[in-house]
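Peer 1: The structure under discussion is supplied below as structure tokens; questions concerning it will follow.
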Amino acid sequence: MSRGRLLGAGLAAYLLALLFTVPAELLRGPLQTWLPEVRLGALSGHAHAGRVDPLTVAGVALDRAAWRWRPSALLSGRLGFEVSVDSGAGRVALHATRAPGSDLLELAAVRGSLDLDGLGRVLPRLPFRARGRLLLEELAVDLDPTGWPGRAGGGFQLQQAVLSAPVALNLATVAGTLGMDGARLVVDFTLAADAALTGTGRLLLAADGGYRLAARLAPGAAADPDSTALLRQAGRPAADGSVQVDLAGRLR
């Protein structure tokens, strides 16, 4: 083996030894520089695999997070980890990577389940309350330093969803996808036929809390007088009973 290769192998072995022996607490300073939108609690474990209890991400309080180093990310010039996050009865797992000098935190293979009521308590700007489960299905999101997505894609599903806005609406199962329209987050959704309301729609969200909702909705199989009356307030029913809903405003 040449001297250069021998030195390279020795350096790689030294760096790996550091990764597997450095206490996680020594990563606090670099992590706060690398992830300025994250506030860290107590760190345990080592650099290659550890956990933090609790933490705050872009103002959202979480119970704990665990990580494990993904050496394969180095092949693309990035530092990457497998990350799992727990908050209440919810759990999300993902692959997190970041390129040197980049402001974007790349999240891929995002999957998990979240309690909607608990999620609403940590997102106080939402002007409604919701119950049920949010299932994430292999999402991919790039977050800027403020926590707002610069890229988003993938699907999600709401199960046993009930929305109070202001009357309780049984939405049953809602299927949706995420995307971007410039700097705005796009949520396309379909309401099941056995819900209080059925139909399809698109929700646009801006970083400053501005929103625009466009949907074609009709009473579903679980419609009651309150949900039907609420729908009629949103617009004039067409011949088939559906209503074109167009709303815009700003979340609290």
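Taken together, the values in this text are just the output of simple stated rules run on the coordinates, not laboratory data. Since this is a predicted model, take the numbers as computed values, not measurements. Every residue, glycine as well, gets a Cβ built from its backbone with ideal geometry; the counts of neighbours run over all protein chains shown.
Peer 1: With axes computed from alpha carbons, what is the tilt in degrees of helix 225-234 against the longest principal axis of the chain, rounded to the nearest 10 within 0 to 90?
Peer 2: In the chain, helix 225-234 runs at an angle near 80 degrees to the longest axis.
Peer 1: Now a separate question. Only helical DSSP H runs with n ≥ 4 go in: add -39500 (n - 2.57) per run for the chain, normalise by residue count and round the 222 nm mean residue ellipticity to 500 deg cm²/dmol.
Peer 2: Calculated at 222 nm, the ellipticity per residue is -5000 deg cm²/dmol.
Peer 1: In nm, what is the difference between 0.36 nm times the number of residues separating Val22 and Val60 and their Cα-Cα distance?
Peer 2: Length gained between Val22 and Val60: 10.8 nm.
Peer 1: Positive end of the charge dipole of the chain (Lys, Arg +1 and Asp, Glu -1 on Cβ, about the Cα centre): tell me which of Leu185, Pro30, Phe81 has its Cα farthest that way.
Peer 2: Working it through, the farthest residue towards the positive pole turns out to be Pro30.
Peer 1: Then there's this: Considering all projection directions equally, how large on average is the shadow of the alpha-carbon convex hull of the chain, in square nanometres?
Peer 2: Working: hull surface 62.8 nm².
Its Cα hull, projected and averaged over all orientations, spans 15.7 nm².
Peer 1: A further question on this structure: Go ahead and run the numbers for FRET between Ala89 and Arg68, Cβ-Cβ distance against an R0 of 22 Å, rounding to 0.05.
Peer 2: For R0 = 22 Å, the calculated efficiency reads 0.45.
Peer 1: As a test of the definition: which semi-axes, in Å, follow for segment 127-233 when you take the square root of five times each eigenvalue of its alpha carbon gyration tensor? Largest first, please.
Peer 2: 26, 15, 12
Peer 1: Related question: Quick one: dipole size for the chain, taken about the Cα centre, charges +1 on Lys/Arg Cβ and -1 on Asp/Glu Cβ, in debye to the nearest 20.
Peer 2: Here the size comes out at about 480 debye.
Peer 1: How many angstrom lie between the Cα centre of segment 167-228 and the Cα centre of segment 36-109?
Peer 2: 31
Peer 1: Something else: Provide Ser72, Ser84 in ascending order of the number of other Cβ atoms located within 10 Å of each residue's Cβ, fewest first.
Peer 2: Ordered from fewest to most neighbouring Cβ atoms within 10 Å, Ser72, Ser84 come out as Ser72, Ser84.
Peer 1: Another question, if that's okay. Given labels modelled 7 Å from the Cα in the Cβ direction, how far is it in nm from Arg232 to Trp34?
Peer 2: Rounded to a tenth, the inter-label distance reads 5.9 nm.
Peer 1: If you don't mind, another one. Stretched out fully, how many nm does the piece from Leu79 to Ala221 gain, at 0.36 nm a residue minus the Cα gap?
Peer 2: 46.1 nm
Peer 1: Now, a different point. To the nearest 20 debye, what is the magnitude of the charge dipole of segment 114-252 about its Cα centre, counting +1 on the Cβ of each Lys and Arg and -1 on the Cβ of each Asp and Glu?
Peer 2: Magnitude of the dipole: close to 420 debye.
Peer 1: Same structure again: I'd like to know which of Val92, Ala175, Trp67 lies farthest towards the positive end of the charge dipole of the chain, counting +1 on Cβ of Lys and Arg and -1 on Cβ of Asp and Glu.
Peer 2: Trp67
Peer 1: By count of other Cβ within 10 Å, fewest leading, how are Val85, Val243 ordered?
Peer 2: Val243, Val85
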